1. How high is the relative contact order of the range 1-76, in percent, with contacts defined as C-alpha pairs under 8 Å that are six or more residues apart?
2. What's the ranking of 331-337, 13-19, 244-250 by average number of surrounding C-beta atoms within 10 Å, highest first?
3. Note down the relative contact order for the chain as a percent, whole number, built from C-alpha pairs under 8 angstrom at least six residues apart.
4. Where does helix 215-232 land angle-wise versus the long Cα axis of the chain, in degrees 0 to 90, nearest 10?
5. Evaluate Rg over Rh across the range 1-83, taking Cα atoms for both radii and Kirkwood's formula for Rh.
6. Stokes-Einstein at 25 °C, 0.890 mPa s, Kirkwood radius from Cα pairs: D for the range 167-300 in µm² s⁻¹?
7. Per residue of the range 185-195, in order, report the coupling 6.51 cos²θ - 1.76 cosθ + 1.60 (Karplus, θ = phi - 60°) as ³J(HN,Hα) in whole Hz, putting x for Gly and Pro.
8. How large is the Rg to Rh ratio of the chain when both quantities use alpha carbon positions and Rh follows Kirkwood?
Amino acid sequence: MSQARPVPTDLDEWKALAAHQARIRDAHLREMFAADPGRADRFSARVGDVFLDYSKNRIDAETIRLLIALAERSGLRAGIEAMFTGEKINVTEKRAVLHTALRAPRDERILVDGKDVVPGVHEVLDRMAAFSDRVRSGAWKGATGKRIRNVVNVGIGGSDLGPAMAYEALQAFSDRSMRFGFVSNVDATDFVETVRGMDPAETLFIVASKTFTTLETMNNARTAREWLLATLKDESAVRDHFVAVSTNAAEVSKFGIDTDNMFGFWDWVGGRYSYDSSVGLSLMLAIGPDGFRDMLAGFRLVDEHFRTTPLESNLPALLGLVGLWYDDFFGAETVAILPYSQYLARFPAYLQQLDMESDGKSVDREGRPITTYQTGPIVWGQPGTNGQHAYYQLIHQGTKLIPCDFIGFCKPNNELGIHHDLLMANFFAQTEALAFGKTAEEVRAEGVAEAQVPHRTFRGNHPTNTLLVDRELTPNVLGQLVAIYEHKVFTQGWIWNINSFDQWGVELGKVLANRIVPQLQSPTEPALEHDGSTNALIRRYRRIRRGG
Ligand code: G6Q
């Protein structure tokens, strides 16, 4: 693994794909479906409750064969094995990448530096479960003896997006007698609006921060402590109302949280891969330990599939390969994630971080600048059908190629009248329309005036993946979906030969802001040594903020 890999674009397999693309780029999905009645069957895969139809992509059997050849040549199988067995594939931070260990069964052994990490994972899970049971049953009391009714997770990025997304996704399974809030933004509005109406005596704060030094989180945590003590007065109340999720015990106790009330995780869990660790404590409080374990089982099911299934029918790998096909061979710059489930409203934002922070890299694992191919796409999206009444216009008729993932469910979480069939009718109609469009002849046949024909014509041939879940959204299904995307991102990152597990761009932001804080707060005019624009903006802000 330590040997420098060839630049992907120098590989014969890459060149073969480029030549193949030139042959099929103008083929229309209309023709492809007409020519092959078995196409929908051929281009489908399944794992657990998730069925993937990837037939509405601009691919043929040869495309998949060549993409798999590229994956094989790039050592994807060895890469998967290296990840699952705890090799230090996060080369810039010299860390193993073992979010898969978070869902390993008790009897599995996974060694990092010669030590089995699985017992530690289960020890933390068991402590989380015991704590959750106490809070949910009312046995854990606040400082004044009241039971906890509000839980507020204070964290940002990987310590926020996962639990916030999953809490929203699994509200149907949560304890409705409790209120859950997520404070991430250092904008005071986030804190103020989240705790509005909460009784401090009934509120538990979970300060979630891997490093316990992140500016936004530490500031929000201090504000939370002041808010609590303004009512409860006594410092000792912090013990009953604050717990921490972190890898940094020293900073946790410096903050005043008893390390007995700290739930750990490990440096081999990246922030954006961490909500199935103790970072998911708020979620466990909401859905209970059994629900949380059921979610882990869903993750696990996909992990095993990804690790053991041949690439030809390996769902996350196929999703990755088809995505890479557009990204690198059609020049597509973006991917839309379109869940037809209101509960998955935050899923696109979650995947945005997972994908863009992981694969948003322009230097390869050997430190060479990447100049001949594209890496991670811009990820975005909103739940359907809302998007249809907004930005789908550009997907249908704009000048850009935007591959889309449609995620839908055969069963609703809330059975109400004809709602679900209406939702799913839109779901099916959109992928059909995107693929097949509407020809000028079809528009004319509707009696449309000639001048309008070009405007009403849909060229189609827009690629989509359909992920159709056999059932309703459950904790287990959510685990499956997240693991599918984790491994999709891994597949692409591995072929691009980048480190999907560091985030120096994020680290930069943390350092830069810390430099400017004292410049904004200084009572006397500070000496500024930024560029001319930044200096002037800071001066302007100071003047106006101070009423000058
Ligand atoms: C995730 C990133 C980043 C991180 C936040 C919060 O992979 O590293 O989003 O999660 O910056 O960091 P802390 O958990 O250390 O506060």
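1. Details: 43 pairs, mean separation 26.4, N = 76.
Reported relative contact order: 35 percent.
2. Numbers: 331-337: 18.3, 13-19: 15.7, 244-250: 20.6.
Listed from highest to lowest mean packing, they are 244-250, 331-337, 13-19.
3. Relative contact order of the chain: 19 percent.
4. 40
5. For the range 1-83, the value is 1.05.
6. Details: Rh = 15.6 Å.
Once the numbers are plugged in, D ends up at 157 µm²/s.
7. 6, 6, 4, 4, 3, 4, 5, 4, 6, 6, 8
8. Working: Rg = 25.2 Å, Rh = 25.3 Å.
On the Cα set of the chain, Rg over Rh gives 0.99.
Bear in mind that the values in this text are calculations on the coordinates, not laboratory data. Please read these numbers as outputs of a predicted model, since none were measured by experiment. As a convention, Cβ positions derive from the backbone with ideal geometry for all residues, glycine included, and neighbour counts pool all protein chains shown.
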